1. Check segment 153-174 and report whether any residue there is at positive phi and crowded, with 16+ Cβ neighbours inside 10 Å.
2. Got a sec? Which of ARG96, ARG127 is within 19 Å of SER80 (Cα to Cα), charged (D, E, K, R) and without any contact (Cβ under 8 Å) to a residue 60 or more places away in the chain?
3. Among PHE262, PHE227, which is the only one that is aromatic (Phe, Trp, Tyr), surrounded by fewer than 15 Cβ atoms within 10 Å (Cβ to Cβ) and modelled with pLDDT of 95 or more?
4. Of the residues ILE181, ILE216, which is modelled with pLDDT under 95 and part of a helix (DSSP H, G or I)?
5. Take PRO189 and decide whether it is part of a loop (DSSP other than H, G, I, E, B) and in the same structural domain as THR304 (by TED's automatic domain parsing).
6. Would you confirm, using the coordinates I've provided, whether LYS204 is farther than 25 Å from ASN141 by Cβ and basic (Lys, Arg)?
7. Return the pair list, or none, for Cβ contacts closer than 7 Å from residues in segment 168-179 that are outside the structural domain of ALA219 (by TED's automatic domain parsing) to residues that are surrounded by fewer than 17 Cβ atoms within 10 Å (Cβ to Cβ) and modelled with pLDDT of 95 or more, at least 6 apart or on different chains.
Amino acid sequence: MFNTIYSNIYRPFGLLLLLVLLTPIHLLHAQNIDMAHGQQNNKNSSEEASTRLISAGAGITELVLALGGEKNLIGTDSSSQIPAQLAQVTQVGYHRMLSAEGLLSLHPDVLLGSDVMGPEKTLALLRSANVHVVSLPSATNQAGLFNNIDIISQLLGSQQQAEKLKSNITKQLTHIKSNHIKLEQSKQPIKVLFMLLQAGRPAKVGGKGTAADTIIQLAGGENSAPFSGYKILSQEGILSLQPDVILLSSRQDLENTDKTLFPLLANMPLIASTKAYQQQSIFTIPAHALIGGLGLSAINEAETLSQQLISVSTHQ
């Protein structure tokens, strides 16, 4: 009877011991590696979820939000547009004139911005305080934008969202290119003039290499300014360019509506002699779409402008 009880109790343990002894060492090692990788992945996910992030620059912040980074966001600059539910996020000033003291008071892990973020003295102080400073190049094309999305998604641990976002952008750009085919049917390229307005100051015209130029070209238009960068032009100089379309924007109002911008044209009576004015082809563009290079807002504005250009082309 004792032998029977002994056998019933200890036989399972003997079989288990025999199974362990017969298991190949490399399989046990592989299981240990898998467990270690799982623990490391959980650790990385935890670190990414707790990363305290300050985003400086409208185009950068919209990418952070599109990639699900609102849970990490503790501060943004004054050019960034954030939803009402993130009202608790601290505003840290303008992305070109950041204060090290104000940024460090938020105890950030990462400061993320474009390559015009600064000043450099502030960035150096943050680096010395062990803050990870990431300056992304201002994108001018799809490849540059996708590279920035990949970098931000790695910081946030949101690679799956990045792939979905890039897919949506590709579809949007494909639609814009399809509008180019319609525009190519017009007799001549549609000339677009971009004007940056500010009360009490002469208008600045955006030439080649500017954010406005990127949007104009992406939309299928031709920038009528024959120079690079921004230049102040007289009313006579603007009239001589004879634009088919005029785009207006202002850094004083991030939204830039007809109501806020059109009154500024009252001090420029010669604009009424342009073809754009006479055909009511004057449109506005929000300032935040012009910050940080080619971004989500810039693509949205380019898509809208491409539709407007098609409408203008039917009246040429």
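1. Scanning segment 153-174, I find at least one residue that is at positive phi and crowded, with 16+ Cβ neighbours inside 10 Å, so the answer is yes.
2. ARG96
3. None of the others qualify; the one that does is PHE227.
4. ILE181
5. It is true that PRO189 is part of a loop (DSSP other than H, G, I, E, B) and in the same structural domain as THR304 (by TED's automatic domain parsing).
6. Numbers: farther than 25 Å from ASN141 by Cβ: no; basic (Lys, Arg): yes.
Judged against the criteria, LYS204 is not a match.
7. Pairs that qualify, where the first residue is outside the structural domain of ALA219 (by TED's automatic domain parsing) and the partner is surrounded by fewer than 17 Cβ atoms within 10 Å (Cβ to Cβ) and modelled with pLDDT of 95 or more, are LEU173/GLN142; ASN179/GLN307.
Per-residue answers, yes or no, for (1) over 13 Å from the mean Cα position of the chain (by Cα); (2) of a type in the set (Asp, Glu); (3) surrounded by fewer than 16 Cβ atoms within 10 Å (Cβ to Cβ):
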| position | (1), (2), (3) |
| --- | --- |
| LEU112 | no, no, no |
| GLU120 | yes, yes, yes |
| SER138 | no, no, no |
| GLN142 | no, no, yes |
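The values are calculated or read from the model by the stated rules, or taken from the named source; none is laboratory data. Fair warning: this is a prediction, and the values are worked out from it, not measured in the lab. Positions of Cβ are backbone-derived with ideal geometry, glycine not excepted, and every protein chain shown enters the neighbour counts.
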